[in-house]
């Protein structure tokens, strides 16, 4: 399940960061992903909410800084 | 016709199209919100038009700090354009904290004060984004008219901005409000983005803003649209006149033909404001002309078109001919056609042309063209309106020309009179306009601003003048601008530009005679001119050579020419002097 989510998140990261070859790892963080800065973060989250038809609170958006917590939160919202 | 999404633009690779390549333009953006998401879309749309850009964002909410400080990064980076954006959200909180009826007037004062200060000291033109209407209503319909309501005051603020921006040289309003209304305010505002990062609107709205901003900048840096070349079948009317007959085409004040009728009304308005119309259509000429002449619901008639090409040749060839006939560069032409094949053929043969895509099956034709911002322009003068008339008169001149054996006879018969005048408040608007618009007959392509010209006028180091021309067919108005820099031993021609409508009329010789008179009066007997090549001023490549100057030195980006004169030196001209000099 989480692998499927990660794959969908990966496509969004590739598009938004204009890195078609980007391969996200569950252990990745804002530090390890090139271009994942605070400005891109907001757009990444906007697209992720659209993709999964979910909604994060502002607090949640601000707290996400790792792929693992991002995927975990998406999973939570989908249940 | 699918509009691109923000994500698709981020994803796309930025490739420069073939054809036009404008050097790197620096755009400086000042905003009281986070406008950075504009960067990729603006770059994308500019690149599609062949303009490379660097976009610099000032730190958020430092608009007047930058504008009023000569040492700020804004001044130091010497941008090519400044875009000032005030977001509505910032204003709303201000509104609710202040008492009184006119709570927002101070905001306008600040914007205008900062912009005037900058414009008096720097070269770059300014675009001021107006305020997007708020959604809040404390009545409903009454908010519009009640003075203490936010909606009323924002509307008033925008009206005041329109008026006051006009008092600043080279400063125009970018009407973001009407863009937002077109997209629908509920698709523009996004409270989450605002709370998260002071991002003032939805990402998709950044696409609209970027596309429109690029259109405005194109009109400034490449050219505004001066002529629309139109297809006929499924563009000016529905159906194919060759198959359906004049009676069978869709064109009517009601029903299925109404969209074409409305499109013609729209084109008529564009024509009335000075944009030329022309036709490039693959049809039997007589049949198509019969539709134009005889169809009862036709709004445009034959005389509304400055050039009509109805034949079976490829459209790029026809458009090139129209371009030559009307003396309008291809990059100032908008070609509108419903057929993808024709659009692609024209675009690949003439890459700098603008293409208007229409699809008669998907709603309003007026909307499909209007929303693209093709007709954006940095300035508008009364002279623009007269353009159609001018070209009609030109046609008469051409007809006369063919009846003479020699060019000299023809020119003599034109009864041309030129009038030389000083640069002053009276003619400065037209001079600045001509300076910005003239690409071909422009020797150094120095885009001097109003203030720079007025500074030259005041300085004893410079002599400036403008030339008006008229002939028996009509008045061309102000068509040439000259700036002379007086050196120790020589007179340097700092600016010489002439409207392309009056070439080959011996005007250059007339002006040269005037320059000689000015020089002799100042006791200078050497005149020096420079030619700086651009992609568009090839027609004046040999200008000084033709006038008998000799080449002093030449580098890649410039050639310097010089001529020794004597008091009685006179060039042959067919233009009479229309007025005594002051």
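Only the coordinates and a few stated rules stand behind these numbers; no lab work does. Note that this is a predicted model, so its numbers are computed, not measured. Because the Cβ atoms are built from the backbone with ideal geometry, glycine has one as well, and the counts that use them run over all protein chains shown.
Counting residues in chain B as N, plug N into 2.2 N^0.38 Å and put the Cα Rg over that result. Kindly include the intermediate steps, with their values, before the conclusion.
On the way: Rg = 26.3 Å, N = 582, 2.2 N^0.38 = 24.7 Å.
Compactness ratio reported: 1.06.
Modelling each spin label as a point 7 Å along the Cα-to-Cβ direction, I'd like the residue B:344/residue A:26 distance in nm, to one decimal.
Computed distance between label sites residue B:344 and residue A:26 equals 4.7 nm.
What ratio of Cα Rg to 2.2 N^0.38 Å holds for segment B:454-495? Spell out each step's value before the answer.
Working: Rg = 13.5 Å, N = 42, 2.2 N^0.38 = 9.1 Å.
So the Cα radius of gyration is 1.48 times the expected 2.2 N^0.38 Å.
Taking 8 Å as the Cα distance limit and 6 or more residues as the minimum spacing, I'd like the relative contact order of chain B as a percentage.
On the way: 969 pairs, mean separation 54.6, N = 582.
Answer for chain B is 9 percent.
Post the alpha-carbon centroid distance, segment B:325-385 to segment B:137-205, in whole angstrom.
29
Which order, highest average first, do B:492-499, B:315-322 follow once you tally other Cβ atoms within 10 Å for each residue and take the mean per peptide?
Working: B:492-499: 23.0, B:315-322: 20.2.
Packing order, densest peptide first, comes out as B:492-499, B:315-322.
Over the Cα atoms of segment B:83-129, what Rg and Dmax result, in angstrom?
Answer for segment B:83-129, Rg first and Dmax second: 12.8, 38 Å.
For labels at residue B:178 and residue B:534 in the simple 7 Å Cα→Cβ model, what's the distance in nm?
The modelled label-to-label distance comes out at 2.7 nm.
Once you sort the root eigenvalues of the Cα gyration tensor of segment B:237-320 as a ≥ b ≥ c, which label holds: rounded (a/c under 1.5), prolate (a/b larger than b/c) or oblate (the other case)? Intermediate values should be presented prior to the final figure.
Values: a/c = 1.93, a/b = 1.09, b/c = 1.77.
Oblate.
Could you work out the relative contact order of segment B:428-582, using alpha carbon pairs under 8 angstrom and six or more residues apart, expressed as a whole percent? It would help to have the intermediate numbers written out before the result.
Values: 246 pairs, mean separation 35.1, N = 155.
Answer for segment B:428-582 is 23 percent.
Using a Förster distance of 51 Å, how high is the FRET efficiency between residue B:102 and residue B:294, based on the Cβ-Cβ distance and rounded to 0.05? Write down the numbers at each step before the final one.
Values: r = 58 Å, r/R0 = 1.14.
That pair, residue B:102 with residue B:294, gives E of 0.30.
Between residue B:159 and residue B:461, what's the calculated FRET efficiency when r is the beta-carbon distance and R0 is 35 Å? Round to 0.05.
Working from the Cβ atoms, E equals 0.25.
Give the calculated FRET efficiency between residue B:314 and residue B:191 to the nearest 0.05, with a Förster radius of 45 Å applied to their Cβ-Cβ distance. If you can, show how the numbers build up before the last one.
Details: r = 53 Å, r/R0 = 1.18.
Efficiency, rounded to the nearest 0.05: 0.25.
Taking beta carbons within 10 Å but only from partner chains, what does the mean come to for residues B:196-202?
On the way: counts 9, 7, 0, 4, 0, 0, 1.
Going residue by residue through B:196-202 and averaging, the value is 3.
Looking only at other chains, what is the average number of their beta-carbon atoms within 10 angstrom of each beta-carbon in A:44-57? Provide the component values of the computation, followed by the final result.
Details: counts 0, 3, 9, 5, 0, 1, 1, 0, 0, 0, 0, 1, 2, 1.
Taking the mean over all residues of the peptide, I get 2.
Which order do the peptides B:239-245, A:40-46 take when ranked by the mean count of other beta-carbon atoms within 10 Å per residue, highest first? Present the calculation step by step, with values, prior to reporting the outcome.
Working: B:239-245: 15.4, A:40-46: 20.6.
Packing proxy ranking, top to bottom: A:40-46, B:239-245.
Which order do the peptides B:449-460, B:331-342 take when ranked by the mean count of other beta-carbon atoms within 10 Å per residue, highest first? Write down the numbers at each step before the final one.
Details: B:449-460: 15.5, B:331-342: 19.9.
Output ranking for B:449-460, B:331-342: B:331-342, B:449-460.
Strictly greater than 28 Å: what percent of every Cα pair in segment B:22-168 meets that?
On the way: 2811 of 10731 pairs.
When every Cα pair of segment B:22-168 is considered, 26 percent fall beyond 28 Å.
I need the shape label for segment B:133-209. Rule: rounded when a/c is under 1.5, else prolate if a/b > b/c, else oblate, with a, b, c from the alpha carbon gyration tensor.
On the way: a/c = 2.08, a/b = 1.10, b/c = 1.88.
Verdict is oblate for segment B:133-209.
Which percent of the Cα-Cα distances in chain A go past 18 Å? Show your work: numbers first, answer last.
Working: 941 of 3081 pairs.
Of the Cα pairs, 31 percent sit more than 18 Å apart.
P(r) tail for the protein assembly as shown, what percent of Cα pairs lie past 49 Å? Write out the running numbers ahead of the final one.
Numbers: 52103 of 218130 pairs.
In whole percent, the long-distance tail amounts to 24.
Using the alpha-carbon centroid of each, what span in Å lies between segment B:533-558 and segment B:254-274?
What the calculation gives is 45 Å, centre to centre.
Please work out the C-alpha center-to-center distance from segment B:28-88 to segment A:9-79 and express it in whole Å.
A separation of 28 Å, based on Cα centres.
Can you tell me how segment B:464-572 classifies by the Cα gyration tensor, rounded, prolate or oblate, using a/c under 1.5 as the rounded cut? Mind showing how you got there, number by number?
Numbers: a/c = 1.84, a/b = 1.18, b/c = 1.56.
Note, shape of segment B:464-572 comes out oblate.
Within 10 Å of each Cβ of A:13-20, how many other protein chain Cβ atoms are there on average?
Numbers: counts 0, 1, 6, 4, 2, 7, 0, 2.
Taking the mean over all residues of the peptide, I get 3.
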